[in-house]
Structure formats: structure tokens, C-alpha cells
Amino acid sequence: MVDAAQIQEHAEVLGSDGTHVGTVDHIDKGEIKLTKTDAAAGGLHHYIPLDFVRAVEGGKVHLDRPAEEVKREWSTS
């Protein structure tokens, strides 16, 4: 598991396919809270489990599954 301290606010979040998923707002209770102002967010905060994170490299968060799968599994509360 990746150290949550490596994940910075406003970092880009990418699926394993390299597709943009969102932008980090902050870490909240073991989940990444994405900004609601990101174009991919549809005006809502979305939450992704830290377990989805494969790596943090170059200031970007890389997930272990494709963007479409992440968007099917993320939560809004």
C-alpha cells in the first residue's frame, strides 16, 4: 500500500490506462477525495479507496485499474 503522505492536494489521478480520473482534494478516512470542480467530477466530490493506488510518481497518483472501472466503483459520500 502506498503511503498516503505521498499524495499531495491538487495532484492528478490517472487510471492504469493513463486516462484522467480526477484531481485530489485531500485524503479523508482512508480514501482520496477528488475535487468537485474537476471536469470529470460532474460537480460532485468522489471518493476512491487508497487501496486503488498503485504508485505516486512525478506528482501524479497512478491507480491499479482503468479509469472507467474506477468511475463505476467510486462513491459520492
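The values are calculated or read from the model by the stated rules, or taken from the named source; none is laboratory data. This structure is a prediction, so every number in the text was calculated from the model and none was measured. Here the Cβ is made from the backbone with ideal geometry for all residues, glycine too, and neighbour counts use every protein chain on show. Surface areas here come from the heavy atoms of the whole protein model, side chains and all, with no ligands, DNA or RNA. Shrake-Rupley method; radii C 1.70, N 1.55, O 1.52, S 1.80 Å.
Among the residues of region 1-34, write down those that are in a loop (DSSP other than H, G, I, E, B) and acidic (Asp, Glu). If you could, list the steps in order and put the result at the bottom.
The first filter runs over region 1-34 and keeps only residues in a loop (DSSP other than H, G, I, E, B), leaving 1-3, 7-11, 15-19, 29-30.
Listed by number, the residues that qualify are Asp3, Glu9, Asp17.
Among the residues of region 5-19, those that are surrounded by fewer than 14 Cβ atoms within 10 Å (Cβ to Cβ) and either over 19 Å from Ala41 (Cβ atoms) or within 9 Å of the chain's Cα centre (by Cα) (or both) comprise Ala5, Gln6. For region 20-37, the tally of residues that are over 16 Å from Ser75 (Cβ atoms) and surrounded by 15 or more Cβ atoms within 10 Å (Cβ to Cβ) stands at 1. Within region 40-63, residues that are more than 13 Å from Ile7 (Cα to Cα) reach partners that are open to solvent by less than 30 Å² (accessible area, probe 1.4 Å) and among the polar types (S, T, N, Q) with beta carbons closer than 7 Å, at six or more positions or on different chains, in the pairs Ala41/Thr35. Across region 1-32, the qualifying residues are those that are over 21 Å from Pro66 (Cβ atoms) and either touching a Pro at 6+ places or on another chain (Cβ under 9 Å) or basic (Lys, Arg) (or both), and the one among them that is modelled with the lowest pLDDT is Lys29.
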